[in-house]
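In what follows, a single structure is set out as C-alpha cells and then discussed.
The values are calculated or read from the model by the stated rules, or taken from the named source; none is laboratory data. If you're wondering where the values come from, they're calculated on a predicted model, not measured in any experiment. Using ideal geometry, Cβ is built from the backbone for each residue, glycine included, and neighbour counts are taken over all protein chains shown.
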Amino acid sequence: TTTELAKVVEEAVGGRVRRQSHPATRTFQALRIAVNQELLSLEAALPQAYGLLGDLGRLVVLAYHSLEDRLVKQYIRRESRDCICPPRLPVCMCGHKAGLRLVSRGALRPSEDEVAANPRSRSARLRVAERLPTPGA
C-alpha cells in the first residue's frame, strides 16, 4: 500500500528532522511523473499550444516542479531565438526564426501573501511568452 511504501522510505531516508514535508513526498512525486509520463506530455503540448496561438497570442505555462519549469524555460528560450545552431559554428545553418518573445524575464513566483493563503503555490513558476506576428501576414 502507499502507507507501507511511505514508511519504508521514511525509514530509509530518516524522519522529518528539519524538513517541512514527509520524506516520501518526492518519491511519490517521481512515481507519478514517471507513470503519467508528465514530462513527455509537456514536451508534446508546448509546440501544440504554440501552433494554436494567433499573432501576439500569449503562451502562459504554470509549472509546479523544477523539471517541468526547465522544459518550459528551454522551449521558450529556443523559440525566442533566430538561430539555434551550436555556438561553435561560425555561420547559421539552421534557418530557425524566432516565433516567441519573452513577456517577463525569468519565471514569476507567488508572493508571500499568496503562499500564506495557499501553501501549495510555493513551488509554482509562471512563464509567459508572446507569439511574434507572422511575417508577410
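Within segment 105-118, work out how many residues are surrounded by fewer than 11 Cβ atoms within 10 Å (Cβ to Cβ) and either at pLDDT 90 or above or not assigned by TED's automatic domain parsing to the domain that holds VAL72 (or both). Steps first, answer last, please.
Quick first cut of segment 105-118, residues surrounded by fewer than 11 Cβ atoms within 10 Å (Cβ to Cβ) only: 105-106, 111-113, 117.
Filter again for either at pLDDT 90 or above or not assigned by TED's automatic domain parsing to the domain that holds VAL72 (or both), leaving 106, 111-113, 117.
Going through segment 105-118 one residue at a time, the tally reaches 5.
Residues GLU38, GLU79, GLU43: which one is touching a strand residue (DSSP E or B) at 6+ places or on another chain (Cβ under 6 Å) and either free of Cβ contacts under 8 Å to residues at least 60 places away in the same chain or not polar (S, T, N, Q) (or both)? Working first, answer last.
Numbers: GLU38 fails: touching a strand residue (DSSP E or B) at 6+ places or on another chain (Cβ under 6 Å); GLU43 fails: touching a strand residue (DSSP E or B) at 6+ places or on another chain (Cβ under 6 Å).
After applying the criteria, what remains is GLU79.
Under the condition of being among the polar types (S, T, N, Q) and under 17 Å from SER123 (Cβ atoms), which residue from segment 1-29 is modelled with the lowest pLDDT? Write out each step before concluding.
Quick first cut of segment 1-29, residues among the polar types (S, T, N, Q) only: 1-3, 20-21, 25, 27, 29.
Next cut, under 17 Å from SER123 (Cβ atoms) only: 20-21, 25, 27, 29.
Numbers: GLN20: 70, SER21: 73, THR25: 81, THR27: 83, GLN29: 86.
Among those residues, the one meeting the criterion is GLN20.
So is SER66 under 23 Å from LEU40 (Cα atoms), outside the structural domain of ARG26 (by TED's automatic domain parsing) and surrounded by fewer than 12 Cβ atoms within 10 Å (Cβ to Cβ) or not? Explain how you work it out, then say what you get.
Numbers: under 23 Å from LEU40 (Cα atoms): yes; outside the structural domain of ARG26 (by TED's automatic domain parsing): yes; surrounded by fewer than 12 Cβ atoms within 10 Å (Cβ to Cβ): yes.
Against the criterion (under 23 Å from LEU40 (Cα atoms), outside the structural domain of ARG26 (by TED's automatic domain parsing) and surrounded by fewer than 12 Cβ atoms within 10 Å (Cβ to Cβ)), SER66 qualifies.
Which of the residues belonging to segment 69-98 are surrounded by 15 or more Cβ atoms within 10 Å (Cβ to Cβ) and within 13 Å of LEU46 (Cα to Cα)?
Result: ASP69, LEU71, VAL72, LYS73, TYR75, ILE76, GLU79.
Restricting attention to segment 91-137, report how many residues are among the polar types (S, T, N, Q) and in contact (Cβ under 8 Å) with a residue 60 or more places away in the chain.
Counting residues in segment 91-137 that are among the polar types (S, T, N, Q) and in contact (Cβ under 8 Å) with a residue 60 or more places away in the chain gives 1.
Only one of ARG78, ARG32 is at pLDDT below 95, assigned by TED's automatic domain parsing to the domain that holds LEU5 and not in a loop (DSSP other than H, G, I, E, B); which? Write out each step before concluding.
Numbers: ARG78 fails: assigned by TED's automatic domain parsing to the domain that holds LEU5.
When all the criteria are applied, what remains is ARG32.
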